1. How much area per residue is accessible in segment 1-44 when the probe is 1.4 Å and only protein heavy atoms are counted (Å²)?
2. Can you order the peptides 9-16, 43-50, 89-96 by their average number of other Cβ atoms within 10 Å per residue, highest first?
3. So, with a 1.4 angstrom probe, what is the percent of accessible area on segment 47-89 that is carbon and sulfur?
4. Could you pull out every residue, at least 5 positions away or on a different chain, whose amide H is within less than 5 Å of the one on ILE30? Hs are placed 1.01 Å off N in the peptide plane, and Pro or chain starts have none.
5. Would you calculate the volume per residue, in Å³, of the smallest convex hull containing every Cα atom of segment 24-116?
6. Assuming R0 = 22 Å, can you tell me the calculated FRET efficiency for the pair SER77 and ASN24, based on Cβ-Cβ distance, to the nearest 0.05?
Amino acid sequence: MNTVNADLVKIYHREKERIKCFLNDSLDRISLTSDLWTSITTNGYICFTTHFLNKKWVLEKMVLNFSFMPPPHNNISLSEKIYNLLCEWGIQHKIFALTFDNASSNDVLVELLRTQLNIKKAHIGYMVSSFIFVVILIFLI
């Protein structure tokens, strides 16, 4: 069983690096959607899906992350988790839009992410809010 486990981890890391290269070779902007939910056993999970145009102008989409999100699910821990995931994938400077659900707590989350990205020399465009989505457009300098 240890050999199978080691092989699966090796495949995971190889594929993750392949996807990172694919994202780096994409056009300049990447859009992300994020969702957070709690299971029936009260475990929290967060999922990131990315959408972008490849060099041939074909729309690509893939799940970048589906992971456990330990409590607390407050704005600070969520913004840190999201920012760390952006950095882990090396796309924090390629973000065009982030889409969240309409939870009222996302307003503070948006401001925290803006602050973190501004510290890293990102320029934030504007935020559009609707009853379905909160969209943050982030344009890089």
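The values are calculated or read from the model by the stated rules, or taken from the named source; none is laboratory data. Everything numeric here is computed off the predicted structure, so don't read it as measured data. So basically every Cβ, Gly included, is an ideal-geometry build from the backbone, and we count neighbours across all protein chains shown. Only protein heavy atoms, including side chains, enter the accessible area calculation; ligands, DNA and RNA are left aside. Shrake-Rupley method; radii C 1.70, N 1.55, O 1.52, S 1.80 Å.
1. Value returned for segment 1-44: 75 Å² of accessible area per residue.
2. Result, highest mean Cβ count within 10 Å first: 89-96, 43-50, 9-16.
3. Its accessible area is 64 percent carbon and sulfur atoms.
4. Correct list: ILE95, PHE96, ALA97.
5. 96 Å³
6. Values: r = 28 Å, r/R0 = 1.27.
Step by step, r from the Cβ atoms, then E = 0.20.
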